[in-house]
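Visitor: One structure coming up, written as C-alpha cells, with questions to follow.
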Amino acid sequence: MSPQAPHHHHHWFTAAVITLSDSAAKGTRFDRSGPAVHQALEKRYFHVIGTEVVPDEQHQIEAALVRWSEQARLVVTTGGTGIAERDITPEATRAVCHRLVEGLAERMRAENMKRTPFAALTRAVCGIRGKTLIVNLPGSPDGAVESLDSIIDLLPHALELLEGKTEHVTRH
C-alpha cells in the first residue's frame, strides 16, 4: 500500500474576495490587496468567482457578505480590521455570522506577531454563515497574504466539515 498524501481534495472550493476601503471604493486609491489575495487563493484550493470593493459602511459590508456567502464557500475580506474609527469589518462580520471560529483568527495574529507587535491591534474575526466560512484579513497586501498563508491549509478541511463530511482526517 502506498502512503496517501496527507491531503487530497476532490474539488476546488469557490471563493469571493471583498476589499473594504473608502478610498478604493471612491477610486482615489488603487486596490492592491484584493488582487494579491485573489492570486494567493487561486494558487491553492480555491476558484475565485467574484471580487468587490465596498466602502467602510457597516450596512454595505453586511450586505456584501450576505450576498457573496450565498454564492461562495469562502468569503475573504481585506481591510477595516484595525482600531481606527472607520475599521468596522469585524462588527459587520460578527453581525452576519452564526458562529465564530476564534482559532483561525488567533493563528493569523500569532503568525503576524512574529513579524510585528502591531499585529496585536488587528481585530479580524473568522466566522461561519450557513456552509460558508468568512475570513477577515488586514488591509495591507503583505499582511493580507501572510495572514491567509498562515491558515490556508486548514480551510479545505474546515469547509468539508461545514459540508457535513465529518470523517476524521488521518494524522501522519
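The values are calculated or read from the model by the stated rules, or taken from the named source; none is laboratory data. Note that this is a predicted model, so its numbers are computed, not measured. We place every Cβ from the backbone using ideal geometry, glycine too, and count neighbours over all the protein chains shown.
Visitor: When the residues of the stretch 141-172 are filtered to those that are modelled with pLDDT of 95 or more and either part of a strand (DSSP E or B) or polar (S, T, N, Q) (or both), which remaining residue is surrounded by the most Cβ atoms within 10 Å (Cβ to Cβ)?
Guide: Taking the candidates together, the pick is SER147.
Visitor: Another question about this same structure. Inside the stretch 117-140, can you point out the residues that are outside any loop (DSSP other than H, G, I, E, B) and without any contact (Cβ under 8 Å) to a residue 40 or more places away in the chain?
Guide: Within the stretch 117-140, PRO117, PHE118, ALA119, ALA120, LEU121, CYS126, GLY127, ILE128 meet the criteria.
Visitor: For the stretch 95-121, enumerate the residues that are surrounded by 15 or more Cβ atoms within 10 Å (Cβ to Cβ), modelled with pLDDT of 95 or more and over 20 Å from ASP153 (Cα atoms).
Guide: The answer is ALA95, VAL96, CYS97.
Visitor: If THR78 meets every condition in (1) more than 13 Å from VAL135 (Cβ to Cβ); (2) touching a Leu at 6+ places or on another chain (Cβ under 7 Å) apart from one, which number is that one?
Guide: (1)
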